[in-house]
Amino acid sequence: MPDPDLDTVVCDLDGVVWLAGHPIAGSVDAVHRLQAAGLRVLFVTNSSAPTSGDHTAALAAIGIDATDAVVSSATAASQLVASGERVLVCGGAGVWEAVERAGASPIAGDDSAGAAAGVDAVVVGLHRDFDYARLRTAVTAIRRGARFIACNRDPLFPTPDGPVPGAGSIVAAIATSAQVEPAVAGKPHRPAAAAVARLVGLAADDPSLATRLVMVGDQFLTDGAFADLLGCPFALVRTGNTRPGEELDYTPAIDVADLGAFASILLARD
């Protein structure tokens, strides 16, 4: 059970709050109840394609105020590039924005003849225009010495119509051809943890993260492992990648049907 000192709920989005932007029943009310009780709710998502403004606007559209409360795997990846670097972007607008905010120079990588030249890093996220030409450009840049950075390695993400391929499928194609493994930024890796700690106002290795936070997610592979990295409890909801009745080979601190049930348990903890 979470510690009585807990003041922040770190919440996944896909499979917890919504499915492809469509709110899961009871999730918006659950967030409102947590916020009304004085708890801060942060949203940490491996979705990299939307910009920061897109994430905030999408949450506002379903009635959730997430101002300065969203960490994406794109913003986490931006911590792995340096100002002034030339960065090949294999990803959506969110990755492009994050690279620019880091002071680096993003390039689109759609010119296979020349885009790979002089690249310092290749940043890969979900890229719905990805094709063989961009695969070739990314692989060429990496084999010439560019750092390989993955926003995340999620093979799938949940939608109302079932799971669909995630950024990890594109990362795997590049890794296979380049024969290089990437540095990974999103959950459950340290750049995302550092971004969460910064929003809370703590260092990434501050032991109080263990008592002040609880992580809510729909699968252990990313969310549970991220809770382990933060040192905080993991609350599993079964509205996304982990389905009702599915057997587990681990024991989360809380195992409930949905975000509404989690909020009820947390708010009754006293």
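The values are calculated or read from the model by the stated rules, or taken from the named source; none is laboratory data. This one's a predicted model, so the numbers in the text were calculated from it and none came from an experiment. Cβ atoms come from the backbone with ideal geometry, glycine included; neighbour counts cover every protein chain shown.
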Checking the structure you have, find out if any residue of region 169-183 is without any contact (Cβ under 8 Å) to a residue 40 or more places away in the chain, under 30 Å from R238 (Cβ atoms) and either in the same structural domain as L13 (by TED's automatic domain parsing) or assigned to a loop (DSSP other than H, G, I, E, B) (or both). no
Name every residue in region 56-111 that is out of contact with any Cys (no Cβ under 7 Å at 6 or more places or on another chain), under 23 Å from V44 (Cβ atoms) and among the polar types (S, T, N, Q), in order of residue number. T56, T67, S72, T75, S78, Q79
Count of region 146-170 residues which are over 20 Å from A185 (Cβ atoms) and either surrounded by fewer than 20 Cβ atoms within 10 Å (Cβ to Cβ) or hydroxyl-bearing (S, T, Y) (or both): 6
Run T140 past the list (1) of a type outside the set (G, A, S); (2) closer than 16 Å to G186 by Cβ; (3) part of a helix (DSSP H, G or I) and report the number of the one that doesn't hold. (2)
Do we have A104 as in contact with a Ser or Thr (Cβ under 9 Å, 6 or more places away or on another chain) and at pLDDT below 95 here? no
Has region 219-232 got any residue that is at pLDDT 95 or above, touching a helix residue (DSSP H, G or I) at 6+ places or on another chain (Cβ under 8 Å) and over 15 Å from A192 (Cβ atoms)? no
Test for A203: is it surrounded by fewer than 16 Cβ atoms within 10 Å (Cβ to Cβ) and among the aliphatic types (A, V, I, L, M): yes
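Each row is one residue, and each column tells you yes or no for (1) more than 15 Å from the chain's Cα centre (by Cα); (2) at pLDDT 95 or above.
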site: A115; (1), (2): yes, no
site: V122; (1), (2): yes, yes
site: F130; (1), (2): yes, no
site: N152; (1), (2): no, yes
site: F157; (1), (2): no, no
Any residue that is in contact with a Gly (Cβ under 7 Å, 6 or more places away or on another chain), surrounded by fewer than 17 Cβ atoms within 10 Å (Cβ to Cβ), at negative phi and not assigned by TED's automatic domain parsing to the domain that holds R238 - is there at least one of those in region 37-51? no
